Amino acid sequence: MALTTDTLTIWMNKFADKVNTNKQYLSDLDTPIGDGDHGFNMDRGMTAVKEKLATKPADLTSGFKTIAMALISTVGGASGPLYGTAFLEMAKKSASTNDIGELLDAALAGIEMRGGAKPGDKTMVDVWNTLVPEVKSGNLTEEKIKDAVETTKDMIAKKGRASYLGERSKGHIDPGSQSSGYLFEAMFETEGLL
Ligand code: ADP
Ligand code: MG
């Protein structure tokens, strides 16, 4: 389906609200296998995004750029540059398409290139890699989003802070995968987007 500046804004506002509601939970997930800041980082970033998007972007490309810049300058940690890259890649891609599947493909490729994580490394890549194809085939469901997030629980982290724990990272949901799960839920709930 085609993305517009209106559906992009609705999608981001829903994502911001989910992150805000669950910021403590996201930081609690980051406590045993990280430094406990993921929810607060993401909430700071998405609050800034919501404020920026209160002014309607001229087009999709400038909308994506605004989001990327807000995230890069406010989120920090590993996730700020990674989410920032995802939106920057979508900004670039939006010069030639407004198809959500193609845009998400570009975002995932950017995250993988920037962070060097592969599927199975217990990072946000796991959720994106599982769910982008579901978006493209029109088969995304809430159940699949929950499963993709939950699947990271039994993985051993190979990238990021959690990788310092090795085997002990097992048994905990990856916080960046959970926040990415909210991004896909928000997408799923945005009428006319998928
Ligand atoms: P930090 O680890 O610097 O405190 P955050 O807590 O905000 O940053 O974000 C942690 C999340 O970032 C992890 O749960 C994971 O999903 C994601 N992440 C970390 N490193 C990578 C990487 N190299 N590639 C993809 N995602 C990563
Ligand atoms: Mg952290």
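The values are calculated or read from the model by the stated rules, or taken from the named source; none is laboratory data. Because the structure is predicted, anything quoted here is derived from the model rather than measured. So basically every Cβ, Gly included, is an ideal-geometry build from the backbone, and we count neighbours across all protein chains shown. The accessibility values were calculated without ligands, DNA or RNA, using every heavy atom of the protein model including side chains. Shrake-Rupley method; radii C 1.70, N 1.55, O 1.52, S 1.80 Å.
Assess whether V19 counts as being assigned to a helix (DSSP H, G or I), crowded, with 19+ Cβ neighbours inside 10 Å and over 13 Å from the mean Cα position of the chain (by Cα). Steps first, answer last, please.
Working: assigned to a helix (DSSP H, G or I): yes; crowded, with 19+ Cβ neighbours inside 10 Å: yes; over 13 Å from the mean Cα position of the chain (by Cα): no.
For V19, the condition - assigned to a helix (DSSP H, G or I), crowded, with 19+ Cβ neighbours inside 10 Å and over 13 Å from the mean Cα position of the chain (by Cα) - is not met.
Of all residues in region 161-179, those that are under 23 Å from A86 (Cβ atoms) and near ligand 1 (Cβ under 10 Å from one of its atoms) have Cβ atoms under 9 Å from Cβ atoms of residues that are open to solvent by less than 20 Å² (accessible area, probe 1.4 Å) and among the aromatic types (F, W, Y), 6 or more apart or on another chain, in G176/Y83; S177/W128; S179/F15; S179/Y83.
One line per residue, one yes/no per condition, for (1) within 16 Å of ligand 2 (Cβ to nearest atom); (2) more than 19 Å from T7 (Cβ to Cβ); (3) at pLDDT below 95; (4) of a type in the set (K, R):
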position: W128; (1), (2), (3), (4): no, yes, no, no
position: V132; (1), (2), (3), (4): no, no, no, no
position: K153; (1), (2), (3), (4): no, yes, no, yes
position: G166; (1), (2), (3), (4): no, yes, no, no
position: G171; (1), (2), (3), (4): no, yes, no, no
position: L183; (1), (2), (3), (4): no, no, no, no
position: M187; (1), (2), (3), (4): no, no, no, no
position: G192; (1), (2), (3), (4): no, no, yes, no
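Condition first: more than 8 Å from ligand 2 (Cβ to nearest atom), in contact with a Pro (Cβ under 7 Å, 6 or more places away or on another chain) and within 16 Å of S163 (Cβ to Cβ). Now tell me which residues in region 25-43 satisfy that. L29 - this is the single residue of region 25-43 that is more than 8 Å from ligand 2 (Cβ to nearest atom), in contact with a Pro (Cβ under 7 Å, 6 or more places away or on another chain) and within 16 Å of S163 (Cβ to Cβ).
Yes/no per residue for (1) in a helix (DSSP H, G or I); (2) in contact (Cβ under 8 Å) with a residue 40 or more places away in the chain; (3) aromatic (F, W, Y); (4) open to solvent by 20 Å² or more (accessible area, probe 1.4 Å):
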site	(1), (2), (3), (4)
K14	yes, yes, no, yes
S27	yes, yes, no, no
D30	yes, yes, no, no
N41	yes, no, no, no
K52	yes, no, no, yes
A70	yes, no, no, no
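What are the residues in region 120-179 that are among the aromatic types (F, W, Y) and under 22 Å from A106 (Cα atoms), if any? Lay out the reasoning, then the answer.
Narrowing region 120-179 to residues among the aromatic types (F, W, Y): 128, 164.
W128, the sole residue that qualifies.
Scanning region 72-88 for residues that are part of a helix (DSSP H, G or I), in contact (Cβ under 8 Å) with a residue 24 or more places away in the chain and within 22 Å of D174 (Cα to Cα) returns T74, S79, G80, P81, L82, Y83, T85, A86.
Per-residue answers, yes or no, for (1) of a type in the set (V, I, T); (2) surrounded by 20 or more Cβ atoms within 10 Å (Cβ to Cβ):
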{"site": "S62", "(1), (2)": "no, no"}
{"site": "G76", "(1), (2)": "no, no"}
{"site": "G80", "(1), (2)": "no, no"}
{"site": "F87", "(1), (2)": "no, yes"}
{"site": "S96", "(1), (2)": "no, no"}
{"site": "I100", "(1), (2)": "yes, yes"}
{"site": "D126", "(1), (2)": "no, yes"}
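Name the residues in region 146-169 that are among the hydrophobic types (A, V, I, L, M, F, W, C) and either within 16 Å of the chain's Cα centre (by Cα) or surrounded by fewer than 17 Cβ atoms within 10 Å (Cβ to Cβ) (or both), would you? Show your work before the answer.
We begin by selecting, within region 146-169, every residue among the hydrophobic types (A, V, I, L, M, F, W, C); these are 148-149, 155-157, 162, 165.
Those that are among the hydrophobic types (A, V, I, L, M, F, W, C) and either within 16 Å of the chain's Cα centre (by Cα) or surrounded by fewer than 17 Cβ atoms within 10 Å (Cβ to Cβ) (or both): A148, V149, I156, L165.
Screening region 104-118 for residues that are in contact with a helix residue (DSSP H, G or I) (Cβ under 6 Å, 6 or more places away or on another chain) and more than 12 Å from W128 (Cα to Cα) and picking the one that is surrounded by the fewest Cβ atoms within 10 Å (Cβ to Cβ) gives R114.
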